[in-house]
Structures are given as structure tokens and as C-alpha cells.
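Some notes on the structure that comes next.
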Amino acid sequence: MSILYCLYEHAAGFSVFSVKEFEEVSMFLPQVESSVTDFAKFNSIVKLAGFAPFKTAIAALENINAISEGIVPQDLLHFLDDFFAKLKKKKCTLGIADAKLGAAITEAIGVQCSQVGVVPEILRGVRFHFAKLVKGFTDQSAGVAQLGLGHSYSRAKVKFNVHRSDNMIIQSIALLDQLDKDVNTFSMRIREWYSYHFPELVKIVPDNYMFAKAAKFIKDRKNLSQDLLEDLEKIVMDSAKAQAIIDAAKMSMGMDISIVDLMNIELFAERVVKLSEYRKKLSTYLHNKMNLVAPNLQSLIGDQVGARLISHAGSLTNLAKYPASTVQILGAEKALFRALKTRSNTPKYGLIYHSSFIGRAGLKNKGRISRFLANKCSIASRIDCFLDQPTSVFGESLKQQVEDRLKFYESGDVPRKNIEVMKEAIEAAGQEAGANGTAAPQSEKKKNKKKKRAAGEDETEANGSSNGNGAAADNGNGDDDGEPKKKKKKKNKNKEAVEA
């Protein structure tokens, strides 16, 4: 009969509990579920069989990190190995919460693991009564251990490289989109509001940012004179426009407006100007952040489109995991499912439609170039995600490939093969890394390893051939020419020895 033991990972250490009358208990699963909260009933079935406390908080964090990834830590391996060695090869089953960890334990020590049936309820009861099942343990000490390990585990999970954080990109592009909407709305409001007083200014200064600055500067049109021409020219950056504003102010059809209304218009115009200037600063910040986190994606498709792809995927790592077909329609999920539901044509592109490449392609080639561009975006995101030293060499090479593909669609010029372009990019990245004094890419290291192996094999072959020549000379074969013949003779000798 198989004996059931349950492994429970607590913040204080690893523990194994024995379950009495396992087969009978499993038959009454509803009764077990109802009696889990009753300690007297639960303690009659479940007893503590072994406990291995963590020595330090660092050891606890390392063990819990390994378990969360489905890896058996060394402390747990030694504990289980010693525990089951004392049972003298009795037929045992180890109940466990995680199937992935159970498979790793079975592979490591050969004990059968189970996570179904009565095991989840037993573990739920152990978690509920753990402080009472272990001697010398209290609810307070258990809570302190759980709180300390919980903080350490969360802190380790939240830790990231501050210089390569894609979360900042996600927040920046979201704020940038919101600012675009707000600035446009506020600009329309200031245009409509100030046009009551000076309606001719809208036609002379169509730009929103310049209009807000001009409205803030002019205020009351009656005070606008020739003396303010130079200052007005600095705002609109055109002497003809500045003179036209002054001329229009003299014969304007607008209504007179009170000082209080003008003050409110001035304050609102100042707010619009500041928002527009902050939007420019945020765009520069996004450019610098993309250059640091995803330089290849930025070189290939631009700051905003690349940032929107990362934001929509959730992170750069998630984007790197997506296949090219998913990247192609990222952002067009509603259209895709509507097309699948109505059995119509699926969308050709999503967020990458805003790239300049698709706009430059012909109507027939938009689907082709979007598929090709999505493929290159997928490659660029994977390089950015897994490359230790950020570089934009690969992104520039990929961008040139898209340009060549556009030329191929237009004129029929055959583009270069991808393997040739990537080899050149790897060499250029290696040279750039060497110039900066950083480590070479992994591909260069692999090439160097292959060269060393080939050199070592050549040396061993040379040593073997020199030993063979010496043996042949001792046997009386004095002719130096025809080394292959000597090798054949050696093979024949080996065959004769085998036959004998």
C-alpha cells in the first residue's frame, strides 16, 4: 500500500507531513474538505514527519525563487533525499502543489509525485494549521517569517535595470498620446475664445502653438502698434505675417472684450503654451529612452510606433516573444475577430500602419511590405531584448533591407540576402564593441571558440600522423612518400588483429 507524504514550503523552511489512511481519506473527499478547518480532526490524519528550517533569510529567498521557477533547490534535494532514504525503499507518494516542481523532484530522486485528489485539501489544511502542527512555532513567528520573506521576494521580483526599463516607455507614450488630445482640444478652445475679439488672427497664424503664443502676447488688439513688430516677428518667425497681424488688428471685425475676460484668455493661452512645450520635452525624453532600451526597433520603425508596439504588448520581453504574424496585426484585434466572425478578409496591419514604409508602398504592395516590416520588427525586438550591450547597428541594417524591398516592388531590383546583411551587421557590432572597449557579441565568441577547436583538432591530427610515421619507419617502411598508404596498412593491421 502506498504511503502519502505532503511537501509544504513555508517561509521558515521545508516540511513533510504524513497522511494516515490515505486511500480511505481520498474516498471521503467532501468530508475532508469540511473538516480541514477543525484542527482536532485534521491532526488525527496529518502529522509532521520532517522539517528543515532555512538557515538565513538569503537562503530562504534563494530557495523560494528556485521553487517559483519549478527548479529543485539543493537544500530541498538534500532534505528529501535524506528523508526518503530513512524509509528503506517503502512505496511512497509525495503530494505537492506545483506539477512542474513535482516533475523535477521525480526526475531528481525518483519519488512519485501527485498534485491531484486529496492533496490540495491536505495542503490547504497544513497551510491553515501550520503553526500548531510544528512544535515551538506560533502564529506570530510564522507571520513574521512570511512577512519578511514576502517583502524580500517582492523586492527581488520588482528589481530591474534602471537604465533599461521599458515601463518608462509605456508610461511616456501613453502620456504623449493623452497630451496630443488635450493640446488639440485646448488649442481649439483658445482659437474659438480669442476669435470673438480678434477673428482675423486664425487665418494668419494657423499653427496651434504659435496662435496661443500670439494670443498671449497681443492681448487687446487695440494696443498692438508698429513698435511691437520685432517681438511679434520672433513669435511667428515671419516678418510678413507679423506685419499682416498688425494691419489686421487696425481694421478687425472683432468685438470689444473686458479686462477680466482678457486676463482669463491670457492665463489659458499660457497653459496651452506650457503644455505644448512639455509635450516637446516628453518627446525628446521618449527618443532618448528608446535609444537606450530598444535602439534597433527605434532605428527601424521610429520612436512613437516602436513605443506603441512595446506598450501594446505590455513589455519588450512580451513583444520579443510574439511571432511576426502577431506583430503585424498588433493593435487591430477588433478588426481581426470581426473578420473571423463574419468570414471576411482579415486586416493586413495594425499599429505598424503608422510607419512611413507602408505609406510609401503602392496599394497592391501594402500587405506585402507590412508582412516584411513585421518580420524585421520581430527580429529587432528580440535583439534589443536579449543583447547585453545595446547597439543600433542591427536596426539600421534591417531598415536598409526594408528600403531595398520597397525598391524591389517598384523597380524589380533584387535585394541582398538576409544572411549576408546579418553577417555584416554582426561584424560591425563587434567592431563597435571593440572600439567602446566592451565585450564582443556572442556570435563572435562562438566563432573564436570554433577556431580554437579547429586549431586543437589540427594539432592532434598532426601529432597522430607524426606518431604513425615513426611506427612505419621502425617497421622497415623507409619510403617517405605515400602517407595515405601507410594509414591503410595500419588499418589492415588493426583488421588482422581483430580477426585473430
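The values are calculated or read from the model by the stated rules, or taken from the named source; none is laboratory data. For clarity, every value in this text was computed on a predicted model and none was experimentally measured. Quick reminder, even Gly has a Cβ in these numbers, built from the backbone with ideal geometry, and neighbours come from all protein chains shown. In case anyone asks, the SASA skips ligands and DNA or RNA and just uses the protein heavy atoms, side chains included. Shrake-Rupley method; radii C 1.70, N 1.55, O 1.52, S 1.80 Å.
Applying a threshold of 18 Å to the alpha-carbon distances of LYS289/LYS399; LYS280/LYS399; LYS213/LYS234; LYS348/LYS376; LYS321/LYS399 flags LYS289/LYS399; LYS280/LYS399; LYS321/LYS399 as lying beyond it.
If you filter region 45-121 for trypsin sites (Lys or Arg not before Pro), then keep DSSP loop positions with at most 12 other Cβ within 10 Å, what is left?
Details: sites: LYS47, LYS55, LYS86, LYS88, LYS89, LYS90, LYS91, LYS100; in loops: LYS55, LYS88, LYS89, LYS90, LYS91.
Answer by residue number: LYS55, LYS88, LYS89, LYS90, LYS91.
Would you work out if region 98-255 is rounded, prolate or oblate? Take a ≥ b ≥ c from the square roots of the eigenvalues of the alpha-carbon gyration tensor; rounded if a/c is under 1.5, else prolate when a/b is larger than b/c, oblate otherwise. Prolate, since a/c reaches 1.5 and a/b exceeds b/c. Throw me the Rg/Rh for region 168-284, computed over C-alpha atoms with Kirkwood Rh, two decimals. Radius of gyration relative to Kirkwood radius: 1.02. Fully extending the segment from PHE337 to MET253 would add 24.8 nm, taking 0.36 nm per residue of separation and subtracting the current Cα-Cα distance.
Lysine pairs in region 3-158 whose alpha-carbon atoms fall under 16 angstrom of each other, counting only those eight or more residues apart or on distinct chains, come to 7. Using R0 = 30 Å, the C-beta based FRET efficiency linking SER18 and HIS151 works out to 0.40. Over region 3-158, what is the mean sequence separation of C-alpha contacts under 8 Å (at least six apart), divided by residue count, expressed as relative contact order in percent? The value is 29 percent. Just the protein heavy atoms count here, and of the accessible area of region 145-238 at 1.4 Å, carbon and sulfur take up 55 percent. Taking other residues whose beta carbon is less than 11 angstrom from the beta carbon of SER195, and scoring Lys, Arg as +1 and Asp, Glu as -1, yields +1.
Counting only Cα atoms, region 93-158 measures 35, 32, 20 Å along its principal axes, largest extent leading.
Close amide-amide hydrogen proximity is noted between LEU4 and VAL19, PHE22, THR93, each under 5 Å apart and 5 or more residues distant or on a separate chain (H modeled in the peptide plane; Pro and chain starts excluded).
Sparsely packed loop sites in region 54-136 (the chymotrypsin sites (Phe, Trp or Tyr not before Pro) outside DSSP H, G, I, E and B with at most 16 other Cβ atoms within 10 Å) do not occur.
Leaving ligands, DNA and RNA out of it, rank ARG124, ARG405 by accessible area with a 1.4 Å probe, largest first. Don't skip to the end; give the middle numbers.
Numbers: ARG124 100, ARG405 65 Å².
Per-residue accessible area, sorted high to low, gives ARG124, ARG405.
Please tell me the relative contact order of region 294-434 in percent, rounded to the nearest whole number, where contacts are Cα pairs under 8 Å and at least six residues apart.
Numbers: 172 pairs, mean separation 42.7, N = 141.
Averaging sequence separation for qualifying contacts and normalising by length gives 30 percent for region 294-434.
In the context of the full set of protein chains, residues of region 241-378 present 54 Å² of accessible surface per residue (probe radius 1.4 Å, heavy atoms only).
An oblate overall shape is assigned to region 3-158, the ratio a/c of its alpha-carbon gyration tensor axes (a ≥ b ≥ c) being 1.5 or greater and a/b not exceeding b/c. Between the alpha-carbon centres of region 121-145 and region 413-428 there is a gap of 62 Å. Run the quick spin-label model on SER225 and LYS274: label points 7 Å from Cα toward the beta carbon, then report their separation in nm to one decimal. Computed distance between label sites SER225 and LYS274 equals 3.1 nm. Ranking SER154, SER283 from most to least accessible surface, computed with a 1.4 Å probe over the protein chains only, gives SER154, SER283.
Ignoring any ligand, DNA or RNA, what whole percent of the accessible area of region 259-333 comes from carbon and sulfur when the probe is 1.4 angstrom?
Working: 1870 of 3400 Å².
Carbon and sulfur atoms account for 55 percent of the accessible area of region 259-333.
Between SER283 and ALA57, the simple spin-label model (points 7 angstrom out along Cα→Cβ) gives 4.8 nm.
Amide H to amide H distances under 5 Å link PHE14 with ALA52, PHE54, where only residues 5 or more positions off or on other chains count and H is placed in the peptide plane. Normalised by 2.2 N^0.38 Å, where N counts its residues, the alpha-carbon radius of gyration of region 294-434 equals 1.07.
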